[in-house]
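Comments concern the structure below.
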Amino acid sequence: MDHHWVSKTWLSDVGLPQYSQVFHNQLVDGRVLNSITRRDLETIFNVTNKFHTIQARRAQCENRDLDPVVWTSHRVIKWIRDIDLKEYADSLQNSGIHGAVMVLDPTFSADTMAKALDIPSNKHMIHRHLYEEMKVLLNPARCVKLHFSTPGYSILIGQSCHPAIAVIRTDIVQRCHVSCL
């Protein structure tokens with residue numbers, strides 16, 4: 001991915017063609033693109049619109065096994081192919097499974113994914129492989145800390161491109177515990 005591709009194709013694909021010239025002038029290629037931070041976007045590339053910054057960061061996460069909460073269903077399918085489960089990947093077409101479901105739905109597990117992928121139950125090694133890969137991907141995204149902001153309510157903050165995950169009522173949830181796969 002050279003700087004011409006990033007400035008012309010990638011920025012257009014993610015809906016931010018107005019920044020094409022500055023990315024081209026800064027010679028941003030694929031390697032540089034993967035290391036750009038939110039602060040870089042704001043200071044070096046003059047991307048000051050909050051939604052543009054989020055979109056650029058989300059698009060960066062589409063190409064790496066990072067921040068699955070923002071993954072589209074197509075990115076989930078790509079990940080399934082990347083972990084050597086190509087023969088099952090097409091089962092996810094039109095399944096509605098995307099990154100936010102995988103990360104934020106507490107009932108979503110490796111078994112849920114295996115059922116969506118139509119992996120036969122007698123394929124124990126494949127189930128185990130899927131479990132291990134999902135654990136590596138999802139556990140960091142599911143790790144949250146409780147941050148109190150308003151009496152009676154809390155904001156769950158995640159370690160991802162999108163810091164605010166959910167607002168919960170503290171009188172309903174006495175203790176926050178994120179279960180593992």
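The table that follows gives values for the structure above.
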item: Taking region 63-147 and dividing mean pair separation by its residue count, relative contact order in percent (alpha carbons under 8 Å, at least six apart); result: 32
item: Residues of type aspartates and glutamates that K8 reaches as a straight line, Cα spacing below 13 Å, ignoring anything fewer than 8 places off in the same chain; result: D29
item: Heavy atoms of F23 accessible to a 1.4 Å probe, total area in Å² rounded to 10; result: 10
item: Area accessible to solvent at S12, 1.4 Å probe radius, in Å²; result: 60
item: Computed lengthening from V22 to D40, 0.36 nm per intervening residue step minus Cα-Cα distance; result: 5.3 nm
item: Lys pairs, region 63-147 - Cα-Cα below 24 angstrom, 8 or more residues apart or on other chains; result: 11
item: Protein accessible area in region 63-119, 1.4 Å probe - carbon and sulfur %; result: 49
item: With DNA, RNA and ligands ignored, accessible area of E42 (1.4 Å probe; Å², nearest 10); result: 90
item: 4 °C / 1.567 mPa s Stokes-Einstein diffusion coefficient of region 76-136, Kirkwood radius on C-alpha pairs, µm²/s; result: 112
item: Region 90-101 - phi-based ³J(HN,Hα) in whole Hz, Karplus 6.51/-1.76/1.60, Gly and Pro as x; result: 5, 5, 7, 4, 6, 7, x, 7, 9, x, 5, 5
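The values are calculated or read from the model by the stated rules, or taken from the named source; none is laboratory data. Please read these numbers as outputs of a predicted model, since none were measured by experiment. Note: accessible area is taken over every heavy atom of the protein model, side chains too, but ligands, DNA and RNA are not part of it. Shrake-Rupley method; radii C 1.70, N 1.55, O 1.52, S 1.80 Å.
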